[in-house]
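Have a look at the structure below, then the notes.
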Amino acid sequence: MGNILRSRDKPLLNENSPLIGSEAKSKLKWFNLRNVLLFITLLLCILIILYGVFLIIFNKPTKTPTSRLISVATINNDYFDKCSPPVTCDPKAKYRTVNGSCNNLLNPNWGAALTPFYRYMDPVFSDGISVFRVQSDGSPLPNARTLTLTMFQDTLKICDHQNNELLVPWGQFITHDVAFSPVRSVNSSFPAALDHCEDKNPPIECEAVIRLSPDDPVYGKKNLTILKFMRLITAPAYNCTLVPATVLNTNTHYIDSSNVYGSDSDVANELRLFSGGQLLYNTIGKQEYCPQDPTKVVKKGNQTQVTIAFLAGDVNVNQNLGIALFQNLFLRFHNYLANKLQAEHPSWTDETIYQETRRIVAAVTQIITYDSFLPIILGEKYINEYGLNDETNYDPTLIASMAQEMTSGAFRLLHNIIPAQFNYMSENYTTYEVEEPSKSFLRPDTLIGNVDGFIRGLTETPGREPQPSYNNLISNIVIELPTINTTGFDLLSYDIQRGRDVGLPPYTKIRSLCGLPQAKSFDDLSDYIPSEKINQLKQFYSTVDDIDYYVGILLEDKVTGSMFGPTGSCVIADSFYRFRNGDRFFYDVKDQPGSFTSDQIQSLKKITLSHIICATSEIERIQKDTFRLIDHIRLMKLKPKCETYTINLSAW
């Protein structure tokens, strides 16, 4: 204890004590300095982290796509230089114009209705103007129907067990939003002039018909000699002379729901109720449907004969049941939203409610397409390479117009997943009716009273696996209507012939543009086309550079994750890149008069196709991933009740 007490009695030493040497003093100073430096370093790290968080939240850097398809066409500006009408724009306008003009303030007619399709390459015609391309040896291109019957008859009934049948009509719905061009006929899909194609001096309408062989396995039995294919109307019909022949798009080129609302003011007004912002509708059995086409209502004495035919922004609303379904659902969706906005804003005028609803519908259509549809058909590779899942980076130098190579080529590849039949299902998921798509061509009346059953059937039936063929039923349609003579319709042959009609460049040219190795011989195609198909191509085409674009892309092996081969995928991916980043009104573009608030965008992003179906039908349950195939027996828990799909418009 004494030693301990003595040690405590020792005086405390400090840095000034003579007992501390200079070395000890230096160490003490160094320790103090180190602590200060550590504190400063920690403070700097915190500031750097906070700055990084700030950048992520408030100044998200713009990503640049790693791939783009660069146009080498020389004619994309011809119409705008020679024929484009003067347009006066209001740069402060909050809403899109009906016809798509004034979206691009630097080039107001870009993307507007009645402007040409964009070109990745100049068109190819044998006379440089409009005559169908011929082969390198001067011979005609192979008969389109012959190609269908020999090269595309793979009849394997392979189902897509990941996706359901709803994928097809959505693709068609989007196609009809961004593109339509009428054929050279007046008020008829099959004009009487085409009944005289065997005459000594056939009418001009017969120049592009598809000749049929007497031993055709389907049409030979009906004694049909032609498929009544007609060419598209070109620019001179709209008082604009362009060389080579140029097709105009009568729809707006933007994803703006113009197929619902129309692409000109007259049609848009005809479809409006002008009350509560609503669209005009027809009530049948206590359900809303698109308005009835009055030309299909015929009075005979005291009786009125009505042929069900809808009116919509899309003139082809009645073409098939899938398109008719979505047109009716979106009519109901518009009116559902308009009622909600009217309830929340009683002082809003009819015009304000109509425009705000139209704006929401277009935004939701874009979101469904980019977030749910494109990832399925294009796959991760093309979504990432073309930046299709990035925030929109509006670029006024981009022409957002639909490409001719897209509308008359690549996007038609979705026709190879059109199913052979449609199932109608009851509430307990039993099939109560089966219908072939070919049987409902131009006959939408089956939809009346069957909207719910049709939706269940589409969502519960596996889709068709993408393959180098169409289902036989849509390639061998026989149309027998009282208003026309019996005729045939082969969708695949028409798709091949349409590419020739608009002068699409040969397959190998666009293949090279998409970055694939140049093909100098047929065998150079073996990287993506099977050898047996290459051997068939040799029988029909004189050189590899004569192959039709559509024939080539339909034969290509699929890229992993995509439903298409590389030459189809690149055109589709780049088109959707331009649709998005060339659209000043795209839903997530910032700092524009029509921009949504961040709260509104969050609300919009929560609305899926399943929300729309629940809001517009009597469906009880549906999966969140609307296009995915979910077994209702084993995976009912993945089909939430419709009451869980709520739509919140409080941000408005």
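The values are calculated or read from the model by the stated rules, or taken from the named source; none is laboratory data. Quick caveat, the model's predicted, so the values are computed rather than measured. Here the Cβ positions follow ideal geometry from the backbone for every residue, glycine too, while neighbour counts run over all protein chains shown. For accessibility, only protein heavy atoms count, side chains too; no ligands or nucleic acids. Shrake-Rupley method; radii C 1.70, N 1.55, O 1.52, S 1.80 Å.
All but one of (1) at pLDDT 90 or above; (2) surrounded by fewer than 21 Cβ atoms within 10 Å (Cβ to Cβ) hold for Ser188; state the number of the condition that does not hold.
(1)
Among the numbered criteria (1) in a loop (DSSP other than H, G, I, E, B); (2) in contact with a helix residue (DSSP H, G or I) (Cβ under 8 Å, 6 or more places away or on another chain); (3) within 28 Å of Asn109 (Cβ to Cβ), which single criterion is violated by Ile360?
So the condition that Ile360 fails would be (1).
Give the residues of region 210-242 that are β-branched (Val, Ile, Thr), in a loop (DSSP other than H, G, I, E, B) and under 29 Å from the mean Cα position of the chain (by Cα), sorted by residue number.
Answer for region 210-242, where residues must be β-branched (Val, Ile, Thr), in a loop (DSSP other than H, G, I, E, B) and under 29 Å from the mean Cα position of the chain (by Cα): just Ile233.
Just checking: which of the strands (runs of 3 or more DSSP E) contained wholly in region 414-473 hold 1 or more residues that are open to solvent by less than 20 Å² (accessible area, probe 1.4 Å) and out of contact with any Leu (no Cβ under 9 Å at 6 or more places or on another chain)?
Ranges flagged: 422-425.
Which numbered condition in (1) small (Gly, Ala, Ser); (2) part of a loop (DSSP other than H, G, I, E, B); (3) open to solvent by 40 Å² or more (accessible area, probe 1.4 Å) is the only one that Ser526 fails?
Evaluating Ser526 over (1) small (Gly, Ala, Ser); (2) part of a loop (DSSP other than H, G, I, E, B); (3) open to solvent by 40 Å² or more (accessible area, probe 1.4 Å) leaves (2) as the failure.
Checking the condition modelled with pLDDT under 95 and open to solvent by less than 30 Å² (accessible area, probe 1.4 Å), which residue from Pro65, Pro123, Pro116 passes?
Pro65
Would you pick out the residues in region 290-312 that are over 26 Å from the mean Cα position of the chain (by Cα), assigned to a loop (DSSP other than H, G, I, E, B) and not aliphatic (A, V, I, L, M)?
Asp293, Gly301, Asn302, Thr307
Looking at (1) open to solvent by 20 Å² or more (accessible area, probe 1.4 Å); (2) small (Gly, Ala, Ser); (3) assigned to a loop (DSSP other than H, G, I, E, B), can you tell me which one Ser562 breaks?
(1)
Name the residue, out of Lys228, Lys221, that is closer than 30 Å to Ile417 by Cα and surrounded by fewer than 16 Cβ atoms within 10 Å (Cβ to Cβ).
Lys221
For Val131, work out the one condition from (1) in contact with a Phe, Trp or Tyr (Cβ under 6 Å, 6 or more places away or on another chain); (2) part of a strand (DSSP E or B); (3) open to solvent by 20 Å² or more (accessible area, probe 1.4 Å) it doesn't fulfil.
Result: Val131 passes all but (2).
Per-residue answers, yes or no, for (1) outside any strand (DSSP E or B); (2) surrounded by 22 or more Cβ atoms within 10 Å (Cβ to Cβ); (3) of a type in the set (A, V, I, L, M, F, W, C):
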{"position": "Thr252", "(1), (2), (3)": "yes, yes, no"}
{"position": "Asp256", "(1), (2), (3)": "yes, yes, no"}
{"position": "Asn259", "(1), (2), (3)": "yes, yes, no"}
{"position": "Ser263", "(1), (2), (3)": "yes, yes, no"}
{"position": "Ala268", "(1), (2), (3)": "yes, no, yes"}
{"position": "Gly276", "(1), (2), (3)": "yes, no, no"}
{"position": "Thr283", "(1), (2), (3)": "no, no, no"}
{"position": "Glu288", "(1), (2), (3)": "no, no, no"}
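Output the residues belonging to region 335-383 that are hydroxyl-bearing (Ser, Thr, Tyr) and either open to solvent by less than 20 Å² (accessible area, probe 1.4 Å) or within 30 Å of Ala573 (Cα to Cα) (or both).
Tyr354, Thr357, Thr365, Thr369, Tyr370, Ser372, Tyr382
Can you run down the residue pairs with Cβ atoms below 7 Å, 6 or more apart or on separate chains, where the first is in region 451-470 and under 15 Å from Trp170 (Cα atoms) and the partner is in a helix (DSSP H, G or I) and open to solvent by 20 Å² or more (accessible area, probe 1.4 Å)?
Note: no pairs meet the criteria.
Within region 587-598, is there a residue that is of a type in the set (Val, Ile, Thr), under 29 Å from Asn109 (Cα atoms) and either in a loop (DSSP other than H, G, I, E, B) or open to solvent by less than 10 Å² (accessible area, probe 1.4 Å) (or both)?
yes
What are the residue pairs meeting all of these: first residue in region 119-144, first residue basic (Lys, Arg), second residue outside any loop (DSSP other than H, G, I, E, B), Cβ atoms under 7 Å, and 6 or more apart or on different chains?
Arg119/Ala403; Arg119/Gln404; Arg133/Arg500
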